[in-house]
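The values are calculated or read from the model by the stated rules, or taken from the named source; none is laboratory data. Source: prediction; values computed, not measured. In this analysis, Cβ positions are derived from the backbone assuming ideal geometry, glycine residues included, and neighbour counts consider all displayed protein chains.
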Amino acid sequence: MTDKIFDALEAPFSAGTVKWRVGRTAKNNKTSAAMLAYVDGRIVMNRLDKAVGRANWEDSYTETVKGRIICTLTVEINGKKISRSDGAGDTQVEGEKGAMSDAFKRAAVKFGIGRYLYSIPTFYVEIDNYGKPTTNSQNRLTQLHNDTAKKYFENKELQLPDEQEPENPNSLNAKINNKINEVTKPKTNLETLCNQLSQAQNLEALISNKEAIKGSSEFAGLSDDDKKQFVAKFQNLGRQFQIPAQAAE
């Protein structure tokens with residue numbers, strides 16, 4: 001059972017939950033950057049909840065004399081409490097709060113959570129003026145994540161916790177392999193474009209997003225059926241903002 005729990009902690013994340021930030025930009029091209037993969041602290045909390053149970057883990061924090069935040073993460077597995085610690089300094093974005101989150105995630109890595117993300121190779125992609133990967137870059141990063149996850153776990157016989165015993169010795173491994181393929185399946189261009197469309201918070205932003213997407217090479221590469229699905233998605237979202245009929249094309 002212990003191995004099953006650690007396998008559940010270590011399992012790869014869905015590509016949709018993995019985020020990217022700029023690690024460093026190219027010396028002669030500030031629109032090209034090496035991206036670093038990470039997940040939010042809440043995603044790590046969810047993983048702990050599912051793998052060991054909400055009541056079976058806890059985190060505590062101390063501060064060193066130099067201001068470094070140390071997180072001690074304690075997980076109870078089969079009645080035994082296991083504690084592992086790591087630390088971080090203040091971040092540029094949220095100061096001490098950011099340091100606590102980083103320390104928490106680093107301590108979680110010592111239980112295997114998200115450890116495979118450190119295996120993703122350095123990869124330069126195009127970024128926009130806000131330091132975010134472009135649509136093409138996001139697709140390439142998603143594929144990079146998926147390829148890394150499959151390679152990292154291909155020789156591991158993962159065993160996720162299950163209430164029932166498998167019907168035969170091979171069924172559990174087959175289930176795990178299917179799960180890895182499921183969570184690492186790359187999104188299609190249609191899914192990516194629809195997700196971009198859904199980020200609009202008001203009517204003006206929705207129409208603006210639609211026009212920008214329809215002028216992109218990614219939209220031009222969609223099949224006719226996918227374009228129809230995109231328009232249908234736009235119309236469904238438009239109903240939320242009472243979009244004028246002439247704009248819903």
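Structure notes:
- Only one of the listed residues (Ser119, Ser83) is at pLDDT 95 or above and small (Gly, Ala, Ser). That residue is Ser83.
- Annotation: of all residues in region 1-31 being outside any loop (DSSP other than H, G, I, E, B) and touching a Phe, Trp or Tyr at 6+ places or on another chain (Cβ under 7 Å), the one that is nearest to Asn78 (Cα to Cα) is Leu9.
- Selection status of Lys50, in the same structural domain as Phe104 (by TED's automatic domain parsing), surrounded by fewer than 16 Cβ atoms within 10 Å (Cβ to Cβ) and within 25 Å of Thr148 (Cβ to Cβ): yes
- Boolean, Glu94 is surrounded by fewer than 18 Cβ atoms within 10 Å (Cβ to Cβ) and modelled with pLDDT of 95 or more: no
- Test: residue in region 22-39 that is more than 30 Å from Glu126 (Cβ to Cβ) and crowded, with 18+ Cβ neighbours inside 10 Å: no
- The set of residues from region 32-56 being outside any helix (DSSP H, G or I) and among the charged types (D, E, K, R) comprises just one member, Asp40.
- Helices (runs of 4 or more DSSP H) enclosed by region 188-236 - at least 3 residues per element that are over 24 Å from Ala15 (Cα atoms), at pLDDT 80 or above and not assigned by TED's automatic domain parsing to the domain that holds Ser137: 203-214
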